[in-house]
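S.K.: I'd like to ask you about the structure that follows.
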Amino acid sequence: MDFVDFPEMGRADLRALRIAIDTAFRGFTRAYGETLEQIFHPIQILLVFIENILIDSPWILVLAGLALMIWALSRSWKIVLGTIIALLLIGYFGMWEDTMRTIAMVAVCTLIAVAIGIPTGILMARFNRANQIIIPVLDMMQTMPSFVYLIPVVMIFGLGKVPGVIAVVIYAVPPIIRLTNLGIRQVPADVLEAAAAFGSSGGQTLKDVQLPLALPTIMAGVNQTIMMSLAMVVVASMIGVRGLGQPVLQAINNQYFTLGVMNGLAIVAIAIIFDRATQAYGKRLQKHLEAVHG
Amino acid sequence: MDETTEATHDIDIRNLYKIFGPNAAAHIDNVKAGMTKEELNAKHNHVLGLENINLTIPAGRIQVVMGLSGSGKSTLIRHINRLIDPTSGEVVFDKQDVVKMSPTELREFRRSKTAMVFQKFALFPHRTVLENTVYGLKIRGVSDKECQERARRWISRVGLEGFEDNYPNQLSGGMQQRVGLARALTNDPEILLMDEAFSALDPLIRTDMQSVLLGLQAELRKTIVFITHDLDEALRLGDKIAILRDGRIIQQGTGEQIVLRPADDYISSFVHDVKRGNVITVRTITRKGQRADTPITLPYDTLLEEAARAMTNAEVNRANVTGTDGTHLGMITLSKTVAEMIAPDTSDDDTADVMTA
């Protein structure tokens with residue numbers, strides 16, 4: 001037997017296999033593509049709606065609104081001031097509209113990721129079986145190169161916003177699922193026993209004890225999800241998502257150094273703003289742990 | 001004080017067995033037929049947690065269950081509200097077997113009849129003192145207004161007025177356990193389950209909390225099941241004491257019965273260091289029918305220490321003892337009183353009226 005060459009499948013067989021799978025998938029796309037697009041259409045409506053609000057309103061109102069939101073989350077003047085300066089600079093260098101598109105995109109992706117992630121995390125914390133099944137799926141979602149799952153997404157939805165959102169959510173949802181699961185599992189057993197001893201139902205324990213105690217951890221998940229959504233902005237621009245990613249892509253293709261750096265820095269600025277704001281919020285949720293009896 | 005529910009039903013624990021392990025039910029017949037804990041562990045890798053527990057917990061009294069760690073006392077108390085399911089046996093309260101309750105019935109039973117206080121407090125860290133205290137009522141759907149009224153009453157009753165809006169982390173251990181007690185009492189349960197409730201507190205605070213509990217109990221008359229590993233605590237609190245070892249009850253009775261007649265060497269070694277004068281009453285050393293010429297007259301349930309003090313203060317060495325109805329019962333001597341306080345008296349005194357366990 002020859003151990004130098006791997007005993008691989010015949011070339012013809014491999015080609016036939018590929019063609020068979022590709023044809024089947026193309027068939028599936030033709031048959032159900034339209035239906036799937038219909039199902040996911042509301043995402044497009046929501047995204048366009050938010051984008052329009054951010055772009056069509058007077059910039060000063062948008063700036064004030066964002067500053068107010070950051071204040072509500074962080075209660076820190078420093079972070080709010082940093083936000084205002086960063087956004088003014090972004091506007092001055094002509095990146096206002098692209099930045100608004102990116103913020104809208106990240107907002108929608110985060111919303112969807114939270115809506116999927118928290119219930120999934122709860123499910124995993126509740127049933128070990130679900131945990132066993134979902135963990136490998138999450139591992140795959142986080143390690144599979146995003147270009148690989150862009151292929152079927154683009155085949156079904158074509159180029160545009162919706163496939164962009166789907167690709168970003170696939171990439172950004174695992175941390176919130178994992179951290180929701182972790183947060184609930186970390187609730188001390190004696191506290192759960194106390195809840196049970198007082199006759200709490202499963203739902204009451206979840207709502208009154210497990211979720212509130214897991215919330216700081218869940219917020220860390222939301223923070224990670226936002227960061228990962230922003231990281232995907234450039235990749236998403238390859239399938240037609242407009243925003244700060246597109247000029248970066250253009251800069252790569254044409255070797256426009258300054259254009260690339262400016263838009264890159266704008267992405268970094270937004271990332272830092274959202275990171276600091278959500279972290280400050282997470283910290284505020286843990287107030288009850290801070291004041292320790294001396 | 002506003003109205004609270006007095007306990008009116010005993011808790012009857014009958015033939016209770018608990019085996020820990022994945023296949024517990026398969027081994028229950030062997031254990032009932034006499035397989036020992038060691039054999040079960042060696043041959044089948046299952047742990048015998050409780051073995052044939054029979055205990056009647058009287059309504060409105062404090063039942064102490066005492067034992068060292070690993071004796072099964074925490075397992076036993078968790079069978080009363082079925083936080084742990086038994087392998088076999090019954091726990092009857094008000095003609096209902098807790099073991100056979102459906103999940104809904106069990107939840108209702110836990111909500112309305114029982115409340116629990118934990119060794120490590122187990123307060124909800126994200127809720128303030130007030131929010132912790134209302135928890136039991138809130139999940140029953142009691143209105144906010146009533147929750148708050150009842151909770152505030154108990155918070156002030158346990159001495160935490162002014163701390164309603166603090167988080168548990170901001171309080172000392174003793175204060176946290178007061179919150180635990182207020183949280184339990186706000187539920188107005190008939191049964192109060194206290195799992196080593198004071199064990200995590202330092203000695204002074206512990207004595208303080210025991211006084212708080214005894215003060216409340218004098219008024220409330222709840223059925224209290226109190227778990228402890230501390231004999232002094234058991235003797236101070238318990239109307240009845242059951243001693244648990246290796247999952248079996250090896251003796252039960254009043255504190256006095258246990259101190260006077262320890263069932264085996266194991267219990268003797270425990271009882272050895274007890275301040276006997278605080279546990280034993282004069283009835284055990286009364287010479288029946290004899291009368292002394294002395295100004296001191298004591299009721300039969302006077303503790304030896306008090307009797308000795310009364311005689312010493314009056315500078316006499318004899319005292320008359322009266323019975324339940326106040327009639328003359330007999331007399332005691334100071335020397336016998338002191339002797340009985342110091343060590344187990346094995347001298348032959350055929351006139352002493354020793355109670356039988």
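S.K.: Can you list the residues in region B:85-115 whose accessible area drops by at least 20 Å² when all protein chains are present, compared with the chain alone? Use a 1.4 Å probe, heavy atoms only.
M.R.: Hits at the 20 Å² cut-off: B:R107, B:R110, B:R111.
S.K.: Just by accessible area at a 1.4 angstrom probe, what is the order of A:I19, B:I249 from largest to smallest?
M.R.: Descending order: A:I19, B:I249.
S.K.: With the cut-off at 1.5 for a/c, could you classify chain B from its C-alpha gyration tensor as rounded, prolate or oblate?
M.R.: oblate
S.K.: Simple spin-label model, 7 Å along Cα-to-Cβ: B:V316 to A:I133 in nm?
M.R.: 8.5
S.K.: Using a 1.4 Å probe on the heavy atoms of the protein chains only, list every residue of region A:172-194 that has 20 Å² or more less accessible area in the complete assembly than in its chain alone.
M.R.: Buried on complex formation: A:D190, A:V191, A:E193, A:A194.
S.K.: How much accessible surface does B:F121 have with a 1.4 Å probe, in Å² rounded to 10?
M.R.: Roughly 30 Å² of B:F121 is accessible to a 1.4 Å probe.
S.K.: Then there's this: Which part of region A:115-158 falls in the paramagnetic zone of A:L192, meaning amide N under 13 Å from the point 7 Å along Cα-to-beta-carbon?
M.R.: Counting only backbone N, you get A:122-129.
S.K.: Only Cα pairs within less than 10 Å get springs; with that Gaussian network setup on chain A, which residue of A:I267, A:I21, A:I112 has the largest fluctuation?
M.R.: A:I21
S.K.: Along each of its three principal axes, how wide is the spread of alpha-carbon positions in region B:277-342, in whole angstrom units, largest first?
M.R.: 28, 23, 15
S.K.: Still on this structure, please answer the following. Semi-axes, largest first, in whole Å: what does sqrt of 5 times each Cα gyration tensor eigenvalue give for region A:150-286?
M.R.: Computed over region A:150-286, the values are 40, 18, 8 Å.
S.K.: For region A:191-251, what does the alpha-carbon gyration tensor say about shape, rounded, prolate or oblate, given a ≥ b ≥ c as the root eigenvalues, a/c under 1.5 as rounded, and a/b over b/c as prolate?
M.R.: Since a/c reaches 1.5 and a/b is larger than b/c, the shape of region A:191-251 is classed as prolate.
S.K.: Please list the non-local residues whose amide H lies under 5 Å from the amide H of B:A59, H modeled 1.01 Å from N, same-chain partners needing a gap of 5 or more.
M.R.: Those lying under 5 Å, H to H, from B:A59 are B:D10, B:I11.
S.K.: What FRET efficiency comes out for B:N54 versus B:A339 if R0 is 30 angstrom and r is the Cβ-Cβ distance? Round to the nearest 0.05.
M.R.: It comes out at approximately 0.25.
S.K.: With every protein chain in place, what's the accessible area of B:R318 (1.4 Å probe, Å², nearest 10)?
M.R.: 100
S.K.: With the cut-off at 1.5 for a/c, could you classify chain A from its C-alpha gyration tensor as rounded, prolate or oblate?
M.R.: In terms of gyration-tensor shape, oblate.
S.K.: Sticking with this structure for a sec: With only alpha-carbon atoms counted, please give the Rg and Dmax of region B:96-163, in Å.
M.R.: Final numbers for Rg and Dmax: 13.9, 43 Å.
S.K.: Using a Gaussian network for chain A with springs between C-alpha atoms less than 10 Å apart, which of these wobbles most: A:A24, A:A251, A:A16?
M.R.: Most flexible of the set in this elastic network: A:A16.
S.K.: What's the Cα-based Rg to Rh of the protein assembly as shown, Rh via Kirkwood?
M.R.: In the protein assembly as shown, Rg relative to Rh is 1.16.
S.K.: Taking a 1.4 Å probe, which of B:R140, A:R18 shows the most accessible area, and what order do the others take after it?
M.R.: Greatest to least solvent exposure: A:R18, B:R140.
S.K.: For B:R178, what accessible area in Å² do you get when you roll a 1.4 Å probe over the heavy atoms of the protein chains, rounding to the nearest 10?
M.R.: We get 40 Å² for B:R178.
S.K.: Could you calculate the FRET efficiency of B:S112 with B:K145 from 1/(1 + (r/R0)^6), where r is the beta carbon distance between them and R0 is 25 Å, rounded to 0.05?
M.R.: Once the sixth-power term is evaluated, E becomes 0.80.
S.K.: Further question on the same structure: I need the calculated FRET efficiency for the pair A:R18 and A:Q279, taking r as the beta carbon distance and R₀ as 51 Å, to the nearest 0.05.
M.R.: FRET efficiency, A:R18 to A:Q279: 0.65.
S.K.: Picking from B:R152, B:R291, B:R183, which is most flexible by a Gaussian network model of chain B using Cα springs under 10 Å?
M.R.: Maximum fluctuation in the GNM of chain B, among the listed residues, is at B:R291.
S.K.: I'd like the residues of region B:142-173 whose 1.4 Å-probe accessible area shrinks by no less than 40 Å² going from the isolated chain to the full set of protein chains.
M.R.: Correct list: B:N169, B:Q170.
S.K.: In whole Hz and in residue order, list the ³J(HN,Hα) couplings for region B:207-217 that follow from phi through the Karplus curve 6.51 cos²θ - 1.76 cosθ + 1.60, θ = phi - 60°; x for Gly and Pro.
M.R.: Karplus-based 3J(HN,Hα) across region B:207-217 equals 4, 4, 5, 4, 5, 4, 5, 5, x, 5, 5 Hz.
S.K.: Something else about it: Mind checking how much accessible area A and B bury in total, 1.4 Å probe, in Å² rounded to 100?
M.R.: Interface between A and B: roughly 2200 Å².
S.K.: For B:G49, which sequence-distant residues (separation of 5 or more, or a different chain) have an amide H within less than 5 Å of its own amide H, given hydrogens modelled in the peptide plane?
M.R.: B:K18, B:I19, B:F20
S.K.: Given a 1.4 angstrom probe, what's the average accessible area per residue across the protein assembly as shown, in square angstrom?
M.R.: 49
S.K.: Roughly how many whole Å is it from the C-alpha centroid of region A:17-42 to that of region A:158-182?
M.R.: 20
S.K.: How large is the charge dipole for chain A, taken about the Cα centre, if only the Cβ atoms of Lys, Arg (+1) and Asp, Glu (-1) carry charge, to the nearest 20 debye?
M.R.: The dipole magnitude comes to about 480 debye.
S.K.: Suppose only helical runs count, i.e. DSSP H with n ≥ 4. What mean residue ellipticity at 222 nm does that imply for chain A under -39500 (n - 2.57) per run, divided by all residues and rounded to the nearest 500 deg cm²/dmol?
M.R.: Calculated from helices alone, the mean residue ellipticity at 222 nm is -28000 deg cm²/dmol.
S.K.: If DNA, RNA and ligands are ignored and the probe is 1.4 Å, what is the ranking of B:F270, B:F109 by accessible area, most exposed first?
M.R.: B:F270, B:F109
The values are calculated or read from the model by the stated rules, or taken from the named source; none is laboratory data. In this text, all values refer to a predicted model and were calculated from it rather than measured experimentally. Backbone-built Cβ (ideal geometry, glycine too); neighbour counts: all protein chains shown. Just so you know, the surface numbers come from the protein's heavy atoms only, side chains and all, with ligands and any DNA or RNA stripped out. Shrake-Rupley method; radii C 1.70, N 1.55, O 1.52, S 1.80 Å.
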